[in-house]
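Student: Quick one: the structure is below, and I'll ask about it shortly.
Derivation of every value follows stated rules applied to the coordinates shown; laboratory data play no part. None of these values were measured; they are calculated from a predicted model. Positions of Cβ are backbone-derived with ideal geometry, glycine not excepted, and every protein chain shown enters the neighbour counts.
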Amino acid sequence: MIESKYNFYFQLQDEDEMYLVYNSFSNGLIAISRELKDKIHGKEFDIMDPDDFGELKKGGFIVSGKINEVDLIKIRYRQSQYTNSHFTFTICPTLNCNLSCSYCFETLENNLNESKVMNQKTINRIVASVDKYLENGVKNFRALWYGGEPLLHPELIEELSTKFIEICEKYKSHYSSGIITNGTLLTENIAIMLKKKRSIQYK
């Protein structure tokens, strides 16, 4: 076993010995101790607690040394080019953002503009479009939450996710989702909602 190339570690501000680990390949998120983090880096898999080892493997944080993750990404991309059974919808609940990064088109002066927040008419059109795609045979639907900063309006993510899950159940399609966020607005309650609505995975 080896550590995934796509692990990103973030030390928790109020917990010196705890880290959040995000895997950008599996979309997995897990909280681990400094001790477990050191074992991962040191490839000390044989002395890990079996439950910890199982969770890390399940979430894609550690993988078989025989697996080439880069090749898997290439295969995933090429498959998406030649199939109509998969559909990904990038959705911006808002174009507002709580930051003002130098490389971005957003500025603080333009933030918190209600005209940049998705309205009910747009929500209804998105839901109708997804229903139509799945009715026509799409078996794997993925929503990608984008912005702006999508976590400014978690209630929109929750509302649309609920409708997407219902549609996928109606047509027996698989639903998954991901989110592109600066992470500054992520709270425990929002993380629980995102997990429930299949936007992130964590232990």
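Student: About its Cα centre, how strong a charge dipole does region 1-89 have in debye, to the nearest 20, once Lys and Arg get +1 and Asp and Glu get -1 at the Cβ?
Tutor: With only Lys, Arg, Asp and Glu charged at Cβ, the dipole is about 820 debye.
Student: A further question on this structure: Using a Gaussian network model on the chain with a 10 Å cutoff between Cα atoms, which of Ile192, Ile91, Ile47 fluctuates the most?
Tutor: Ile47
Student: Another question, then. How tilted is helix 69-81 with respect to the longest principal axis of the chain? Cα atoms for both, answer in degrees (0 to 90, nearest 10).
Tutor: 20
Student: For a Förster distance of 30 Å, can you work out the FRET efficiency between the beta-carbons of Cys101 and Lys74, rounded to the nearest 0.05?
Tutor: For Cys101 and Lys74, the calculated efficiency is 0.50.
Student: Quick one: Phe89, Phe8, Phe141, Phe164, fewest Cβ neighbours within 10 Å first, how do they rank?
Tutor: Phe8, Phe89, Phe141, Phe164
Student: Now a separate question. Out of residues 5 or more away from Ile62 or on other chains, whose amide H comes under 5 Å of its own, with H placed 1.01 Å from N in the peptide plane?
Tutor: Long-range HN contacts for Ile62: Ser4, Lys57.
Student: If you don't mind, another one. For Asn98, list long-range residues whose amide hydrogen, built 1.01 Å from N in the peptide plane, is under 5 Å from its own amide hydrogen.
Tutor: Long-range HN contacts for Asn98: Glu149.
Student: Continuing with the same structure: Specify the residue with the greatest mean-square fluctuation among Lys39, Lys116, Lys66, computed from a Gaussian network of the chain linking alpha-carbon atoms under 10 Å apart.
Tutor: Lys66
Student: Go ahead and run the numbers for FRET between Tyr171 and Glu3, Cβ-Cβ distance against an R0 of 45 Å, rounding to 0.05.
Tutor: 0.75
Student: Report, in deg cm²/dmol and to the nearest 500, the calculated mean residue ellipticity at 222 nm for the chain, where each DSSP H run with n ≥ 4 adds -39500 (n - 2.57) and the sum is divided by the residue count.
Tutor: Here the helix-only value at 222 nm equals -11000 deg cm²/dmol.
Student: On to the next question. Between Lys163 and His41, what FRET efficiency follows from the Cβ-Cβ distance if R0 is 45 Å, with the result rounded to 0.05?
Tutor: For Lys163 and His41, the calculated efficiency is 0.60.
Student: Give me the lysines in straight-line cross-link reach of Lys132: C-alpha distance below 25 Å, same-chain residues under 8 apart excluded.
Tutor: Lys121, Lys163, Lys170, Lys172, Lys196, Lys197
Student: What ranking of Tyr77, Tyr146 emerges when the number of other C-beta atoms within 10 Å of each C-beta is taken as an exposure proxy, fewest first?
Tutor: Sorted ascending by nearby Cβ count, the order is Tyr77, Tyr146.
Student: How large is ³J(HN,Hα), in whole Hz, for each residue of region 47-53 in order, when computed from phi with the Karplus curve 6.51 cos²θ - 1.76 cosθ + 1.60 and θ = phi - 60°, using x for Gly and Pro?
Tutor: 10, 6, 4, x, 5, 4, 4
Student: Need the list of aspartates and glutamates near Lys66 for cross-linking: C-alpha distance under 17 angstrom, and skip anything on the same chain fewer than eight residues off.
Tutor: Glu3
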